[in-house]
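Shown below is the structure under consideration.
Coordinate-derived values only; no laboratory data. All figures in this text were calculated on a predicted structure; none of them were measured in a lab. Cβ placement follows ideal geometry from the backbone for every residue including glycine, while neighbour counts extend to all protein chains displayed.
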Amino acid sequence: MREKIALAILFAAAVALPFLMRALDLPGGTGVATSILCLAFAASSLNLIIGHGGMISFGHAAYYGIGAYTVGILWEHFRQQEPIFGLIPGTDQLLITLPAAMLMAGLAAAVIGALSLRTSGVQFIMITLAFAQMLFFLFVGLKAYGGDDGMTIRRRNAVPGLDLRDIDQLYWLVLGVLCAWLFLQWRIVGSRFGRVLEGIRQNERRMRAIGISPYPYKLAAFVIAGMGAGAAGALMANYMRFVSPDIMSWQKSGEIMVVVILGGIGTLLGPVLGAIALQGLEFFLGGLTEHWAIILGPILVVVVLFGRGGIMALVNRLLGVRRG
Amino acid sequence: MQRRGFLAASAGLTSVLAAPAYAQGAPVKIGMITTLSGPGGYLGADIRDAFQLAVEQEQGKLGGINVQVLVEDDALRPGQGKSIAERFLRNERIRLMTGVVFSNVLGTVAPDVLDADGIYVSPNAAPSNFAGRECHRNYYTMAWQNDTLHETAGVLANTLGYKRMFILAPNYQAGRDALTGFKRKFGGEVVQEVYTRLDQTDYAAELAQIRAARPDAVFQFHPGGLGIGFLRQYAQAGLLSTIPQCVPNPSMDSTTLAAVGDAAEGVNLTSHWNSDFQNPASQAFVAAFRAKYNRLPTYYAQQGYDTALAIGAALRQTRGSIDPAAFRTAMLKADFVSTRGKFAFGPNQHPVQDWYALKVERVAGTLALVTKSKILENEGDSYAAQCRL
Amino acid sequence: MALLAEQLLNGLQLGVMLFLLAAGLTLVFGIMGVINLAHGSLYMVGAFGAAVVAQATGSWWLALLGGLLAAGVTGMVMELVVLRRLYARDHLDQVLATFGLILFFNQLMVLLFGRQPRFVALPAWFTGSVEIIPGVPYPSYRLLIIAVGLAVAGGLYLLIQRTRIGMLVRAGATHREMVRALGVDIRLLYTLVFGLGALLAGLAGIMAGPVFNVQVGMGEQILIQTFVVVVIGGIGSVRGALFGALLVGVVDTLLRGFVPGLLRGVLDASQADALGAALSSMGVYVLMALVLLIKPRGIFPAHA
């Protein structure tokens, strides 16, 4: 019950945030909150495979980046009125670019996942990293789309009935999509598919013994997570109005992973809290000193060593919720 | 130095001649987004230090107007630069910005500032699009246009009589522009062009290609930390004694020179300014900078200093107003004594200035950048014709 | 032909550098089961230690000592304070904690030594070049790197195959629990192995100093490639690390040296160069993916 009340308060606060920022005379705050939501979105999708499937992907930023680049490339071709390969016209409609981003990221995840899932353990971590690095260098080499310097998306995508140039409306849109994703993920985790996935995470051999082949389940989860990251990337590209290979660098993959662990692995809202905490810490420490990383680094170490379960565990303890 | 470092304006009571009304009011906020961390961090630090030196010399004012300079680090990440710009624009309500070192960061910062009806004065990066078709009334460049750096190196290669050149640069926009710019003015034959990687530290493979190609000279663009590694390995491979280098100034500033050591002797380069310039403004600047920071200013520092002077001159005329139209009228007069001597804005609000040939030589036992001759006079840039303002 | 020979030599030299880093990483990986992202930080600490001592004393031998000491001590402290607590944790915790260590060490170096890249002079006897390939004077310092790397490889071989510690290391890499059960002081073994890895990383940093830049962030540039080497070679196998390092070194150098030239025959120059640079950057990762798809545990898997 207390959990539900806390959830309702959190949601209400999230919805009211733009008004609050205006009241506090911090108009830039809504933008920062939007980027935090996008990061939380990407981390949530990673959480599905790390927390519920036991697949530690060190290349999740690749799908985030593909989503962002899909928006960027479609915009570029829309601007120049020149179809891609002479076939696919560009567009600036979010209702098209968002599903397209999910499709492209999902395709990439299907190919990479199909190959990577032949390995496990450390090798899986490294092979996902290898594929992400390949994509990173591919986009660095793509001169037509800005290469290393990235590409600017001069105007945000259009959505009928909304004006995304207004940061508040963009924020609510991202919040809405994120909530929809979290709901979907909650349903997935609770379904038979989710329970099989959890079973595989705990003991793959046991699942095999009862006649379930883990590979298709793991691959399906990997693709769903890739699509989620793609959607997050598409929204991020709209917020930033800019895409560069930076968004798929290995440091970004690391950052997304940090958010998941900081927030609490395998919890629904953990990644959201993790994103708020990480960005908040960076912002706060950045205000204290130029050398903020020297404080943030040890904080991460301490969280790993002593704060098992991340922020979510702490919150649950505060709320008096017990988990089995 | 704090990351969000303030330069608290002393609301000094020392009344200045031509600074009435505004001077006593709220200070003009200037947002400086620059690169302070990573291998390119010393470039931004030099720009920041020199800019703040100019402000301190006027006791917290520029052109007699109180200013407050807010500095933030973009970490050479375009996305970070963009979010700082957004925060500056929205939270701090800053409408006058400067500081960006790298073109890719500028690509995200400048459009945001200009779209919000703000003013951007570039102390370093000047990519071709902002000089040509996408030039803007509120965008000013105080250093040069990127291509000019490399075009002048091409001119220098012609002057030095090199016929066959081997050219190389990292594979990113500024690197590709560098090779294009060089080829635009170089009259001889380019025997081979090679792209290196931005994250590369070992150049052995490229050096082997240079040796095999036997060019007259090498043109290479490797700014900051990259150039140090390249030059030292070049010298270690025994190439410097047989194949000379002719480079633009980002590949060889006084900081890289100190790090490279003896390996740099004999390198030819071009620049619009050097710390041995004899004009009084430059000498005073070099002396003040050395006194305060205990190091030789690089040309990045000089650009930061000139940027502060130019902004000061404009603020003096507008009496502290940063209304874009009034600011523009004042700024375009360039009514300040530049450390490089002559300075004027071209039609695209980029500099028109003289260029010099420099050489790394031994002066009283230590290596230094020595100005040799003037190679171009009143040189604008190749994109001015495309700009309609 | 001379060009190909020189490029092979360059590949060998890069491979040897990677081996010095990969040897320690693979042992720590294989025996303690720890993914140490901060291994690159030890490389950086070693390079800075040597650079600072060299600048203060001007002696190359003292610099060598200083660099090794700095890397070794940092490694031991790192093991005692943080990594020791991570052995029993899953890979995820290890990645996060050592990611935090990278942030810490990079910023610490900025605080102590600033952001400017540092200069280390070549040792006096190795400033020249040797014409070991006719017509190609090859820097003698790079030959020294190759020699040191191969000597370390030989030494490690003897250490692991011929000594009691080596026996425990081999046993630890294949049957970790069994070694523990047999009552070996596993903590001491761990600290020794970690210290050895730190020393080798430091040595790599010291050797790299006069050629590459000594600067903050130098560790991460080489770290990812080192991981590629370790995974290709097979985690826990020093022999695999040597093989993987030489393979990655040679493949990377040859791709960089020859792919753009080959592409120029097919495409126009500017496209060939851009594509060639992208392809050669991707090369080692493609190699790693291929190896893992054919042999999911690497070429010389230690855990049979």
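What is the packing order of peptides C:86-96, C:205-215, A:15-25, taking the mean over residues of other C-beta atoms within 10 Å and listing the highest first?
My ranking of the peptides, most packed first, is C:205-215, C:86-96, A:15-25.
Go ahead and estimate [θ] at 222 nm for the protein assembly as shown from helices alone: -39,500 (n - 2.57) per DSSP H run with n ≥ 4, summed, over the residue count, rounded to 500.
After summing the helix terms and dividing by the residues of the protein assembly as shown, the value is -20000 deg cm²/dmol.
For peptide C:256-262, what's the mean number of Cβ atoms from other chains within 10 Å of each residue's Cβ?
4
So, one more: Rank-order C:71-79, C:107-115 by packing density, defined as the average count of other C-beta atoms within 10 Å over each peptide's residues, highest first.
Ranking the peptides C:71-79, C:107-115 by packing returns C:71-79, C:107-115.
Something else: What is the magnitude of the charge dipole of segment C:193-304 about its Cα centre, with +1 placed on the Cβ of each Lys and Arg, -1 on the Cβ of each Asp and Glu, and no other charges, expressed in debye to the nearest 20?
Here segment C:193-304 has a charge dipole of around 340 debye.
For segment B:99-120 and segment A:196-228, what is the separation of their C-alpha centers, rounded to whole Å?
47 Å
Other chains' Cβ within 10 Å of A:292-299 residues: what's the mean?
6
For chain C, what is the charge dipole size about the Cα centre, in debye to the nearest 20, if Lys and Arg each add +1 at the Cβ and Asp and Glu each add -1 at the Cβ?
700 debye
What is the spin-label model distance, in nm, from residue B:292 to residue C:180 if the labels are put 7 Å beyond Cα along the C-beta direction?
Label at residue B:292, label at residue C:180, 6.0 nm between them.
Answer with one residue from A:157, A:277, A:184: the one whose Cα lies farthest towards the positive end of the charge dipole of chain A, charges on Cβ with Lys, Arg +1 and Asp, Glu -1.
A:184
Between residue A:138 and residue C:171, what FRET efficiency comes out of the Förster formula 1/(1 + (r/R0)^6) with R0 = 41 Å and r the beta carbon distance, rounded to 0.05?
Approximately 0.45, to the nearest 0.05.
If you line up the long axis of helix C:269-294 against the longest principal axis of chain C, both from Cα atoms, how many degrees apart are they, to the nearest 10?
Once rounded, one gets 30 degrees.
In nm, to one decimal, how far is the modelled label at residue A:180 from the one at residue B:191, with both set 7 Å along Cα→Cβ?
Between residue A:180 and residue B:191, the simple spin-label model gives 6.1 nm.
Starting from the amide H of residue C:133, placed 1.01 Å from N in the peptide plane, find each other amide H under 5 Å away whose residue is 5 or more places distant or on another chain.
Residues meeting the criterion, in which the H sits 1.01 Å from N, are C:138.
Any cysteines in chain B with zero other Cys Cβ atoms under 4.7 Å from their Cβ? List them, or say none.
Isolated Cys, chain B: B:246.
So, one more: Would you please name the chymotrypsin sites (Phe, Trp or Tyr not before Pro) within segment A:65-123 that are DSSP coil residues with at most 15 other C-beta atoms within 10 Å of their C-beta?
A:85
Please turn the phi angles of segment A:64-81 into ³J(HN,Hα) values with the Karplus equation 6.51 cos²θ - 1.76 cosθ + 1.60 (θ = phi - 60°), one per residue in order, whole Hz, x for glycine and proline.
Values per residue, Gly and Pro as x: 4, x, 4, x, 5, 5, 4, 4, x, 5, 4, 5, 4, 6, 5, 5, 8, 6 Hz.
Give, rounded to the nearest 20 debye, the magnitude of the charge dipole that segment B:264-329 has about its Cα centre when Lys and Arg contribute +1 at Cβ and Asp and Glu contribute -1 at Cβ.
Charge dipole, segment B:264-329, about its Cα centre: 300 debye, nearest 20.
Now, a different point. How many angstrom separate the Cα center of segment C:118-190 from the Cα center of segment C:1-70?
A separation of 10 Å, based on Cα centres.
Something else about it: Contour minus end-to-end for residue A:24 and residue A:206, with contour as 0.36 nm per residue of separation and end-to-end as the Cα-Cα distance?
60.0 nm
Still on this structure: Pop out the ³J(HN,Hα) list for segment B:341-349 in order, Karplus 6.51 cos²θ - 1.76 cosθ + 1.60 with θ = phi - 60°, rounded to Hz; leave Gly and Pro as x.
Once θ is set to phi - 60°, the couplings for segment B:341-349 become x, 6, 8, 8, 8, x, x, 9, 6 Hz.
Now for a separate question. Quick query: amide H of residue B:190 versus all other amide H atoms, modeled in the peptide plane; which residues come in under 5 Å with a sequence gap of 5 or more or a different chain?
When sequence neighbours closer than 5 places are left aside, the close amide H contacts are B:165.
Moving on to the next point. Enumerate the calculated ³J(HN,Hα) couplings along segment B:238-254 in order (Karplus 6.51 cos²θ - 1.76 cosθ + 1.60, θ = phi - 60°), each rounded to whole Hz, writing x wherever the residue is Gly or Pro.
Here the 3J(HN,Hα) series is x, 7, 5, 6, 9, 10, x, 10, 9, 10, x, 5, x, 7, 7, 10, 5 Hz.
Can you pull the one-decimal nm distance between simple spin-label points at residue C:264 and residue B:389, each 7 Å off the Cα toward Cβ?
Computed distance between label sites residue C:264 and residue B:389 equals 4.0 nm.
Of the cross-linked pairs B:185/B:372; B:342/B:372; B:82/B:333; B:185/B:359, which ones have a Cα-Cα span greater than 22 Å in the structure shown?
In this structure, B:82/B:333 lie more than 22 Å apart at Cα.
Separate question: Compare the peptides C:15-26, A:278-289 by average per-residue count of other Cβ atoms within 10 angstrom and give them in order, highest first.
C:15-26, A:278-289
Skipping prolines and chain starts, which residues have an amide H placed within reach, meaning under 5 Å, of the one on residue B:379, given they are 5 or more residues away or on another chain?
B:353, B:354, B:355
Per residue of B:250-258, count partner chain C-beta atoms within 10 Å of its C-beta, then hand back the mean as an integer.
If you average over the peptide's residues, the count of other-chain Cβ atoms is 1.
Right, another one. For the Cα atoms of chain C, what angle does the longest principal axis make with the long axis of helix C:186-208, in degrees from 0 to 90, nearest 10?
The angle comes out at about 20 degrees.
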